[in-house]
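Input: a single structure, listed below in C-alpha cells.
The values are calculated or read from the model by the stated rules, or taken from the named source; none is laboratory data. Nothing here was measured: the structure is a model prediction, and the numbers come from that model. Reconstructed Cβ throughout: ideal geometry from the backbone, glycine too, with neighbour counts over all protein chains shown. Side chains included, ligands, DNA and RNA excluded: accessible areas come from the protein's heavy atoms. Shrake-Rupley method; radii C 1.70, N 1.55, O 1.52, S 1.80 Å.
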Amino acid sequence: MSKPSNQWFKYISILLFCLLAFLVTKHLVQRTKNESLSLELKDAHNRSVQIVHNSVNVFGAIASGLQGYVNSAETFPTALELQSFLNQQLENVEYTDSVVLSYIDTNHTFIYSFDRHHLNPNGLVGTSVKKLRKSDEVSDLNQLLVNEKLTMFPPINLFEGWVGIPIDFRVRRNNK
C-alpha cells in the first residue's frame, strides 16, 4: 500500500506545484497588465495636459493680439472688424477649436458676442453678466477695470453651453 500512497502524494505534489505556478504566473501577468495600463493612462494624461497647455498658450496669444488691436485702433472696432481680425489670427496659428469673443461694457452688459461665423450666436447681446455669474466673479471682472493684465478665469460651463476657459482683459479708450 505504500506504493499507491506515494503515487497519490506525487500526483498531489505535482498538482499543487502546477496550481502554485499558475497562480504566480497569473499574478505576474495581471501585474504586467496593470503596469501597462498605468503607463497608457499616464501617457494619455500627459498628451491631454500638453494639448490643454498648447491651447491655453494659443488662446492667450490670441487674446493678447486682440487687446493690442483694440487698444491701438483709432476707433473702437465693430463686431465685424473684430470677427475678421479674430479669424485672421486663428488661421495664422491654425487653431480649429471653438472660440467665442464677447465685448462687455463697464456695466457688465454684452455689447458684442460672436464666434467665427455668427454674430450674437447665443443671443447674449444686451444681457447683463450679473444674471449669469456669481457676485465674486463679477467682482473679479471689476478688477479688470483697474489693471492692465489678462485675467484667466477657471474653466466653467459657460452660458453658451460648453466648457470654456475665459480670458478677459480691459480696453482703454481715451484714457478711460
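Laid out as a table, the results:
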{"item": "Members of region 70-81 that are modelled with pLDDT of 90 or more and in a helix (DSSP H, G or I)", "result": "Ala79, Leu80, Glu81"}
{"item": "Region 52-86, subset open to solvent by 70 Å² or more (accessible area, probe 1.4 Å) and aliphatic (A, V, I, L, M), residue nearest to Val100 (Cα to Cα)", "result": "Leu80"}
{"item": "When residues of region 1-51 are limited to those that are farther than 30 Å from Gln89 by Cβ and hydroxyl-bearing (Ser, Thr, Tyr), the one most open to solvent (accessible area, probe 1.4 Å)", "result": "Tyr11"}
{"item": "Candidates Ser102, Ser55, filtered to the one that is under 23 Å from His117 (Cβ atoms) and either in contact with a strand residue (DSSP E or B) (Cβ under 7 Å, 6 or more places away or on another chain) or of a type in the set (D, E, K, R) (or both)", "result": "Ser102"}
{"item": "Boolean, Thr96 is open to solvent by 70 Å² or more (accessible area, probe 1.4 Å), within 21 Å of Asn175 (Cα to Cα) and not in a helix (DSSP H, G or I)", "result": "no"}
{"item": "Any hit, region 129-147, residues being exposed (fewer than 11 other Cβ atoms within 10 Å of the Cβ), under 21 Å from Asn174 (Cβ atoms), among the charged types (D, E, K, R) and modelled with pLDDT under 85", "result": "no"}
{"item": "Which numbered condition Asp168 fails, given (1) charged (D, E, K, R); (2) surrounded by 12 or more Cβ atoms within 10 Å (Cβ to Cβ); (3) at pLDDT 75 or above", "result": "(3)"}
